[in-house]
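Structure first, commentary second.
The values are calculated or read from the model by the stated rules, or taken from the named source; none is laboratory data. Please read these numbers as outputs of a predicted model, since none were measured by experiment. Here Cβ is always computed from backbone atoms with ideal geometry, including for glycine, and neighbour counts include all displayed protein chains.
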Amino acid sequence: MKKFLTLVALMLTCAGIQAQDVTATDQQAEAQTLPAEGQPATVVVNQTMKFGYLSYSQVLEAMDGYADTQKTIAALRQAYEQELARSEEVFSKQFSEYVDGQKSFPDNIRLKRQKELQQTMEQSLQFKQEAKALLKQKEEAALDVLRARLNGVISEIGTERGYAFVLNTDNNAYPFVNGGLGDDITNEVLTRLNTK
């Protein structure tokens, strides 16, 4: 019985020591995370995230090939505008002939001319819509080639420098970027694009 009581006392003593160790460890942890009474709390960031930034449209417009793309699209736009002007002339001529002779036309000729005018007008409108869509498609396809090159260079620089991301500062999306935390990579991107 005496041995049993000694064993129980020993176990209680060990449990008390462990409880004191846990409490002391908790108090040390609190002391490290909580500011001393009367002092302001401060936040310490252990790791700074690196990033780059540039004006995407400025770089795109300065790329070799951008001016040629715009010239090609402008020439195509001009050709479509000339064809639309020709179609409008044809319609105007048909319309004036119809107005001049409508009182003298028999009913079947008047109806035929009205249908011709309607068809000419519908075809002109359809061509105008198709031309607009085709111009947009051609411009996007040409710019996609330039954007792919630009995105490749941006990714290359971002990977080399260990950036978390690269911001596009166009359209005033980021009215302030701290130059001490991020890097303006505009010139480097342009240099690499124009040497490839």
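Using the structure shown, decide if residue 138 is surrounded by fewer than 11 Cβ atoms within 10 Å (Cβ to Cβ), within 28 Å of residue 74 (Cα to Cα), among the basic types (Lys, Arg) and at pLDDT below 95.
Numbers: surrounded by fewer than 11 Cβ atoms within 10 Å (Cβ to Cβ): no; within 28 Å of residue 74 (Cα to Cα): yes; among the basic types (Lys, Arg): yes; at pLDDT below 95: yes.
No.
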key: Pairs, first within 11 Å of residue 84 (Cα to Cα) in the stretch 119-135, second part of a helix (DSSP H, G or I) and among the small types (Gly, Ala, Ser), C-beta under 8 Å, six or more apart   = 123/87; 124/87; 127/87
message = For residue 91, only one of the following conditions fails: (1) in a strand (DSSP E or B); (2) touching a Ser or Thr at 6+ places or on another chain (Cβ under 6 Å); (3) of a type outside the set (Ser, Thr, Tyr). What is its number?
response = (1)
task = Being acidic (Asp, Glu) and either in contact (Cβ under 8 Å) with a residue 12 or more places away in the chain or not in a helix (DSSP H, G or I) (or both) is the filter here, so list the residues in the stretch 58-88 that pass it.
result = 64, 83, 88
ask   = Does the stretch 45-57 include one or more residues that are modelled with pLDDT of 85 or more and part of a helix (DSSP H, G or I)?
value = yes
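Quick test for you: out of 143, 167, 111, 125, pick the one residue that is of a type outside the set (S, T, N, Q), surrounded by 14 or more Cβ atoms within 10 Å (Cβ to Cβ) and part of a helix (DSSP H, G or I). Quick ask: steps written out before the conclusion?
Details: 167 fails: part of a helix (DSSP H, G or I); 111 fails: surrounded by 14 or more Cβ atoms within 10 Å (Cβ to Cβ); 125 fails: surrounded by 14 or more Cβ atoms within 10 Å (Cβ to Cβ).
Of 143, 167, 111, 125, the one residue that is of a type outside the set (S, T, N, Q), surrounded by 14 or more Cβ atoms within 10 Å (Cβ to Cβ) and part of a helix (DSSP H, G or I) is 143.
Can you tell me which of 161, 149 is of a type in the set (D, E, K, R), under 19 Å from residue 55 (Cβ atoms), exposed (fewer than 15 other Cβ atoms within 10 Å of the Cβ) and touching a residue at least 24 places away in the same chain (Cβ under 8 Å)?
Numbers: 149 fails: exposed (fewer than 15 other Cβ atoms within 10 Å of the Cβ).
Selected residue: 161, the only one of 161, 149 that is of a type in the set (D, E, K, R), under 19 Å from residue 55 (Cβ atoms), exposed (fewer than 15 other Cβ atoms within 10 Å of the Cβ) and touching a residue at least 24 places away in the same chain (Cβ under 8 Å).
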inquiry  = Quick check on my filter: what residues within the stretch 68-98 are touching a helix residue (DSSP H, G or I) at 6+ places or on another chain (Cβ under 9 Å) and of a type in the set (S, T, N, Q)?
reply    = 69, 70, 72, 87, 94
message = Looking at the stretch 49-90 only, could you name the residues that are surrounded by 14 or more Cβ atoms within 10 Å (Cβ to Cβ), farther than 22 Å from residue 190 by Cβ and of a type in the set (Lys, Arg)?
response = 77
note = Restricting attention to the stretch 170-196, the residues that are in a loop (DSSP other than H, G, I, E, B), closer than 17 Å to residue 63 by Cβ and modelled with pLDDT under 90 number exactly 1
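Of all residues in the stretch 146-164, which are farther than 18 Å from residue 65 by Cα and assigned to a helix (DSSP H, G or I)? Quick ask: steps written out before the conclusion?
Restricting attention to the stretch 146-164, the residues satisfying the condition of being farther than 18 Å from residue 65 by Cα are 155-164.
Of everything in the stretch 146-164, those that are farther than 18 Å from residue 65 by Cα and assigned to a helix (DSSP H, G or I) turn out to be 155, 156, 157, 158, 159, 160, 161.
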